[in-house]
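J.: Sharing a structure, written as structure tokens. Questions coming.
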Amino acid sequence: MSDSPKKATITLDDKTIDLPILSPTAGPDVVDIRKLYGQANVFTYDPGYTSTASCQSTITFIDGDKGELLHRGYPIDQLAEKSHFLEVCYLLLYGELPTADQLEWFESTITRHTMLHEQMQYFFRGFRRDSHPMATMVGVVGAMSAFYHDSTDITDVRHREIASHRLIAKMPTIAAWAYKYSIGQPFVYPRNDLSFAANFIHMCFSVPAEPYEVDPIIARAMDRIFTLHADHEQNASTSTVRLASSSGANPFACIAAGIACLWGPAHGGANQACLEMLREIGTPDRIPEFIARAKDKNDPFRLMGFGHRVYKNFDPRAKVMKQSADEVLDLLGVHDNPVLQTAKELEKLALEDPYFAEKKLYPNVDFYSGIILDALGFPTSMFTPIFALARTVGWISQWKEQLADPEHKIGRPRQLYIGEPFRDYVDIEKR
Ligand code: CMC
């Protein structure tokens, strides 16, 4: 951000107020309205924050018109192709790609934090077996603040660092155990000789009764899915983490809040909803019926995995995901997958339809991810937990950045009050 001589001027009745304009390193200029209320006694109104920058950040940049996503300046397609998840985690957390030594240190640090406090098993066991794994994750991650007292002091840099490593490292164990519990199988402990992605696959799909070899194709596909979900600037769950943190809450409580927000079908829950929708459509001949429903103002149905607040062009993650879906299914020997065929045909027909073209609705990250996760063997209920475990590094990086930002303060939006003005209490016999 740099000071710019540009300014915006607003006129209210006979009063003129100059507002500074801040220039970012990329993206549109930002009108600084912080002093507006003090100077002019007015608020701005922006439900859903469609025109409001809530913070300054150096982590992720999206150009929605171009369909570009950069982490610390590096484009997501290059990271998905050439990097891997833990390297991207380092990049997000520390700002630069690691050297070989830094990467080795980071990987061994994360690996050494993968186990959960043994007592936490009893916490899992308190849930109903049919709990959605996201429900279990919200609870267990929130409960981490009751188990790791040596990393909850947000004023201590070392505490913040340990909490960051713990959350990135333990989230796969938590997600895998939420899944194992839901299917009545024993918890599988993490294996530190495996890569981050392979270890997660192992914890999800192995059983103590027999040896299990992680298929490297599956581990690579898993790692790419993690990479594509690592961060996405100030989306709803990240903003939730930042808002929770702004009060000084501990990191585990903040990330639990982020997980809760991610669960909704307009956000991370869309991957589960999208595969369920594709299965419901079933065959390409039923697509026009669903497109008609999505366009019908009187029908609440929306095409899941379509549309985005920021992207008004292809979501670059969806492009990589679509290519990955083809590759992974091919490598796994799954040919003519009917859900993938339906998805491709739906994408084609929707993009040809003026409704979607005019509203600039394109496939987003959730459109093809479920097809890959399904091919890897995950039930739909695990799709959003996988999103959550991958997004944890984004949440944590943004949380750390916020705490280090001298301009950060408690988040406290104002409102446009449209209720009753002052009135006197009416005794019950007079109502
Ligand atoms: N199907 C049909 N119409 C849609 C869709 C859709 N998927 N998405 C938006 N529209 C229409 C909407 O009805 C509205 O029309 P109008 O202007 O006539 O009222 C217009 O497009 C703008 O929609 P909006 O709801 O004002 O846009 P938004 O920026 O508030 O919402 C969204 C963005 C992602 C919530 C929305 O596109 C949506 O609900 N998509 C389906 C759910 C989904 O795939 N979510 C995953 C998002 S990407 C991953 C993530 O963030 O977790």
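The values are calculated or read from the model by the stated rules, or taken from the named source; none is laboratory data. Note that the structure is predicted; figures quoted are calculated from it, not measured. Neighbour counts are summed over all protein chains in view; Cβ atoms, including those assigned to glycine, are modelled from backbone coordinates with ideal geometry. Accessible surface areas use protein heavy atoms only, side chains included; no ligands, DNA or RNA. Shrake-Rupley method; radii C 1.70, N 1.55, O 1.52, S 1.80 Å.
J.: Quick check, is Gly268 surrounded by 20 or more Cβ atoms within 10 Å (Cβ to Cβ) and more than 11 Å from the ligand (Cβ to nearest atom)?
T.: So Gly268 fails the test.
Yes/no per residue for (1) assigned to a helix (DSSP H, G or I); (2) on the phi > 0 side of the Ramachandran plot; (3) exposed (fewer than 11 other Cβ atoms within 10 Å of the Cβ):
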residue	(1), (2), (3)
Gly27	no, yes, no
Gln39	yes, no, no
Thr44	no, no, no
Gly48	yes, yes, yes
Cys55	no, no, no
Thr58	no, no, no
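J.: So, one more: Quick one: which of Phe367, Phe378 is touching a residue at least 12 places away in the same chain (Cβ under 8 Å), crowded, with 17+ Cβ neighbours inside 10 Å and within 11 Å of the ligand (Cβ to nearest atom)?
T.: Phe367
J.: If you don't mind, there's one more thing I want to ask. Please go through the range 142-161 and pick out each residue that is out of contact with any helix residue (DSSP H, G or I) (no Cβ under 8 Å at 6 or more places or on another chain) and of a type outside the set (Lys, Arg).
T.: If the condition is that a residue be out of contact with any helix residue (DSSP H, G or I) (no Cβ under 8 Å at 6 or more places or on another chain) and of a type outside the set (Lys, Arg), then Ala146, His149, Thr155, Asp156, Val157, Glu161 are the ones that fit.
J.: Looking only at the range 156-196, count every residue that is closer than 18 Å to Pro133 by Cβ, buried (at least 22 other Cβ atoms within 10 Å of the Cβ) and among the hydrophobic types (A, V, I, L, M, F, W, C) and tell me the total.
T.: Looking only at that region, the number is 7.
J.: Which residue out of Ala230, Ala273 is in contact with a strand residue (DSSP E or B) (Cβ under 9 Å, 6 or more places away or on another chain) and not acidic (Asp, Glu)?
T.: Selected residue: Ala230, the only one of Ala230, Ala273 that is in contact with a strand residue (DSSP E or B) (Cβ under 9 Å, 6 or more places away or on another chain) and not acidic (Asp, Glu).
J.: State yes or no: is Leu243 in a helix (DSSP H, G or I), more than 16 Å from the ligand (Cβ to nearest atom) and in contact (Cβ under 8 Å) with a residue 12 or more places away in the chain?
T.: Yes.
J.: May I pose another question? Can you tell me which residue within the range 301-357, out of those that are of a type in the set (S, T, N, Q) and open to solvent by 60 Å² or more (accessible area, probe 1.4 Å), is nearest to the ligand (Cβ to nearest atom)?
T.: Gln323
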